Amino acid sequence: MPAHYDDPSFSYTQYWQGRQYEHESEVLAIQTLFSRLHFNSLADVGGGYGRLIPTLSQYSSQLSLIEPSKKQRQIATKILNSLPGITVLAGTAENTRLPAASQDAVVLVRVIHHLPYPGPAFLEAARILRPGGYLLLEFANSANFKARLVNLVSGRPIPPLPLEKRSSQNIRARSIPFVNHHPQAIQALLTRHGFIQLRRLSVSNFRHPLLKKIFSSKILLVLESLSQSWLSSLWFGPSIFILARRLDNQRTL
């Protein structure tokens, strides 16, 4: 979504102000999934201004931040210039412009919620990963607990690919495509593109505005750390993190 993130009236860094709980929940998930792993090369695809790079840099000596938005790349270059081994490059999830089999790990966090059909992004991740490489994937979960509760009360089924357009006052007459993906669809795509799921986590489980008003971020993060693993079996949260591994050369759309 480079047009949106390049909009002068929109600040992605300001978007994350007041979202400490969500950010730290994602950091916690990465630390859990990458525990005891270290990579020679890692690509943070769609990494924006580099919000997660300080965390990811703990697990790789060479990082490539791939980002389609020129504005976000410029911010990332300024913010990350003190960190060694970071390269900021233009590219998209569907076309990173990285060489084939060049990465030990690929990270896709808050990316495929802008992709109604993420198959090409999975294909590209498989292409740039070495055999045995790791994919850390996050997706917005259409079958989260709140959606299932609404389904139970209203009787309306959960559609496999609900597409919302979220408007923002900070964006001049524009709307943001936001796609919630069904877990079964994501798992099918992983298998189709030669990935095997190793572990998953349910993330941002307590990000409801009322809970954030009542409890401090510190308390919510304690609850988050205790629940990410066991709630994953229920596909509970609005955000699901999956650690997968590329085991073969299957590359199909």
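For ALA105, are the conditions met, namely being within 16 Å of ALA188 (Cβ to Cβ), surrounded by 24 or more Cβ atoms within 10 Å (Cβ to Cβ) and not polar (S, T, N, Q)? First the steps, then the outcome.
On the way: within 16 Å of ALA188 (Cβ to Cβ): no; surrounded by 24 or more Cβ atoms within 10 Å (Cβ to Cβ): yes; not polar (S, T, N, Q): yes.
No; evaluated as a whole, the condition is false for this residue.
Counting only residues that are assigned to a loop (DSSP other than H, G, I, E, B) and aliphatic (A, V, I, L, M), which one in region 112-143 is surrounded by the most Cβ atoms within 10 Å (Cβ to Cβ)?
Of the residues in region 112-143, the ones assigned to a loop (DSSP other than H, G, I, E, B) are 115-118, 142-143.
Those left that are additionally aliphatic (A, V, I, L, M): 115, 143.
On the way: LEU115: 21, ALA143: 19.
Taking the candidates together, the pick is LEU115.
Got a number for residues in region 1-44 being of a type in the set (A, V, I, L, M, F, W, C), more than 19 Å from ILE86 (Cβ to Cβ) and crowded, with 16+ Cβ neighbours inside 10 Å?
Residues flagged as of a type in the set (A, V, I, L, M, F, W, C), more than 19 Å from ILE86 (Cβ to Cβ) and crowded, with 16+ Cβ neighbours inside 10 Å within region 1-44 amount to 5.
Counting only residues that are touching a residue at least 60 places away in the same chain (Cβ under 8 Å), give me the strands (runs of 3 or more DSSP E) lying completely in region 23-103 with at least 3 of them.
Details: elements: 42-45, 63-67, 86-90.
Output list reads 42-45.
So the check is Cβ under 8 Å with 6+ separation or different chains; which pairs have a first residue in region 1-20 that's within 21 Å of LEU221 (Cβ to Cβ) and a second one that's part of a helix (DSSP H, G or I) and of a type in the set (Gly, Ala, Ser)?
GLN20/SER217
When you scan region 187-212, how many residues do you find that are over 29 Å from ARG127 (Cβ atoms) and of a type in the set (D, E, K, R)?
Count: 2.
Can you pull out the residues in region 194-253 that are under 23 Å from PRO118 (Cβ atoms), in contact with an Asp or Glu (Cβ under 8 Å, 6 or more places away or on another chain) and of a type in the set (Gly, Ala, Ser)?
Answer for region 194-253, where residues must be under 23 Å from PRO118 (Cβ atoms), in contact with an Asp or Glu (Cβ under 8 Å, 6 or more places away or on another chain) and of a type in the set (Gly, Ala, Ser): GLY194, SER204, SER239.
Go through region 162-253 and tell me which strands (runs of 3 or more DSSP E), entirely inside it, have 2 or more residues that are at pLDDT below 95. Give the steps one after another, and end with the answer.
Numbers: elements: 163-167, 175-179, 195-203, 239-246.
Counting at least 2 such residues, we get 163-167, 175-179.
Return the total of residues in region 126-142 being under 17 Å from the mean Cα position of the chain (by Cα) and more than 21 Å from GLN31 (Cα to Cα).
Total satisfying the criteria: 2.
Looking at region 57-77 only, could you name the residues that are at pLDDT 95 or above and surrounded by fewer than 18 Cβ atoms within 10 Å (Cβ to Cβ)?
Step one: list which residues in region 57-77 are at pLDDT 95 or above, which gives 57-60, 62-77.
The answer is GLN58, GLN62, LYS70, GLN74, THR77.
Restricting to region 94-137, give me the number of residues that are within 23 Å of ASN40 (Cα to Cα) and either of a type outside the set (Val, Ile, Thr) or at pLDDT below 95 (or both).
28
Within region 7-22, count every residue that is part of a helix (DSSP H, G or I) and of a type in the set (S, T, N, Q). Quick ask: steps written out before the conclusion?
Of all residues in region 7-22, those part of a helix (DSSP H, G or I) come to 12-15, 20-22.
If we keep only those that are of a type in the set (S, T, N, Q) too, we end up with 13-14, 20.
Number satisfying all stated conditions: 3.
Any idea which of (1) under 15 Å from the mean Cα position of the chain (by Cα); (2) over 16 Å from LEU137 (Cα atoms); (3) not hydroxyl-bearing (Ser, Thr, Tyr) is the one HIS38 doesn't satisfy?
Answer for HIS38: the failing condition is (1).
The values are calculated or read from the model by the stated rules, or taken from the named source; none is laboratory data. It should be emphasised that the depicted structure is a prediction, and the values quoted were computed from it without experimental measurement. Reconstructed Cβ throughout: ideal geometry from the backbone, glycine too, with neighbour counts over all protein chains shown.
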